[in-house]
Amino acid sequence: MIKLDGIHVSTEIKKQIATEVLALKNNCKKIPHLAAVLVGDDGASETYVNAKVKDCAEVGFQSTLIRLPSTISENELITEINKLNNNDAIDGFIVQLPIPKHINEQIIIKTIAPNKDVDGFHPQSVGKMALNLHTFIPATPLGVLKLIEHYKIETAGKHCVVIGRSHIVGSPMSILMGRNAYPGNCTVTLTHSKTKNLKEICLTADIIIAALGKPEFLTADYVKQGAVVIDVGITRVKSDLTKSGYKLLGDVKYDEVSAKCSYITPVPGGVGPMTRAALLLNTLFAVKK
Ligand code: NAD
């Protein structure tokens, strides 16, 4: 069994990005500039956004964090987004989700200029991705592709089962693994909460990508010998064994599943760091475009 080391691969990617940034600087070209919009004071969102700002500093990008109150109206937020759309200093930006319930998420996503949509959530980006055109790919699925690519895992003709159909992970993942590309060219089954015979389907999978958000859901009896298992799930659960009182669990019961796998991602240290590196890749892509 080979552990897919997201920390190692993401570090390599960040080194390559930092080298490109240095070359841009040396040639007096524009340094990539990512902005992040944080609405309200949700603790988890705050942590994610701070990590993105830190990642930018690490590779030499500029970054701007825009904090807005949770009471902001939809129209006011649209005005803020349009300012970023029209600001030539900003190459790409994200609106950290979730946003407060009184604001329509889809309207906000559609307001982001497609050429600055580094999260890849705009309908234009999603459509282009489905058509296999060069575009922004949502960070988590892009991170998974980069991990598969790094370890040169064969995907053509394989049966890939994706568990979960969210717009940010499962659904784009299923499209990408089915595209005529590498990684891709899989026969893909997209499964979800209404899927009836999940275990039987998983047992026919060469590659399983679990993104359902249910800690240790995928046990060894779902996995055939030699399968590749990518665990996207991250759930914080209480633990008496850690100083913080919490530990992170994936959607895969790692100890028993890893014994059957050819490749597997750990949690933490698998898909998580790859997601962070992928946002940086998208920001660099925004500049190159
Ligand atoms: P979500 O809640 O939006 O979607 C979960 C999906 O799982 C749904 O489509 C649902 O139909 C499906 N599902 C739920 N129960 C199921 C079951 N019993 N059988 C089959 N399908 C089932 O979640 P999400 O935003 O896609 O995130 C999924 C997990 O991935 C979460 O743990 C989240 O924290 C994690 N995540 C990790 C990263 C990362 O960088 N590693 C990024 C995004 C999300």
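Data for the structure
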quantity: Rounded to whole Hz, the Karplus (6.51, -1.76, 1.60) HN-Hα couplings of the range 180-188, x for glycine and proline; calculated: 7, 7, 10, x, x, 6, 8, 8, 10
quantity: Summed side-chain charge close to Asn115 - residues other than Asn115 whose Cβ falls under 11 Å, Lys, Arg +1, Asp, Glu -1; calculated: 0
quantity: The chain: antiparallel DSSP beta bridges as a percent of all, rounded to 5; calculated: 10
quantity: For the chain, built as a Gaussian network whose Cα springs stay under 10 Å, the top-fluctuating residue of Ala156, Ala44, Ala227; calculated: Ala44
quantity: Gaussian network model of the chain, springs between alpha carbon atoms under 10 Å - residue of Gly92, Gly127, Gly178 with greatest fluctuation; calculated: Gly127
quantity: Scattering profile of the range 1-101 at q = 0.11, 0.17, 0.20 Å⁻¹ [log10 I(q)/I(0), Debye over alpha-carbon scatterers]; calculated: -0.43, -0.86, -1.03
quantity: Qualifying chymotrypsin sites (Phe, Trp or Tyr not before Pro) for the range 213-254 [loop in DSSP, other Cβ within 10 Å: at most 10]; calculated: none
quantity: Positive-end residue of Thr204, Pro69, Val169, charge dipole of the chain with Cβ unit charges; calculated: Thr204
quantity: In the range 121-199, the trypsin sites (Lys or Arg not before Pro) that fall in loop regions by DSSP, at most 11 other Cβ within 10 Å; calculated: Lys152, Lys194, Lys196
quantity: Summed side-chain charge close to Arg67 - residues other than Arg67 whose Cβ falls under 13 Å, Lys, Arg +1, Asp, Glu -1; calculated: -4
quantity: Hydrodynamic radius (Kirkwood) for the chain, which is based on Cα pairs only, to one decimal in Å; calculated: 19.7
quantity: Isolated Cys in the chain, by beta carbon distance under 4.7 Å; calculated: Cys28, Cys56, Cys202, Cys261
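Since every read-out is calculated from the coordinates, none of them should be taken as a lab result. The structure presented is a predicted model; accordingly, all values stated were derived computationally and were not measured. Every residue, glycine among them, receives a Cβ derived from its backbone with ideal geometry; neighbour counts consider all protein chains shown.
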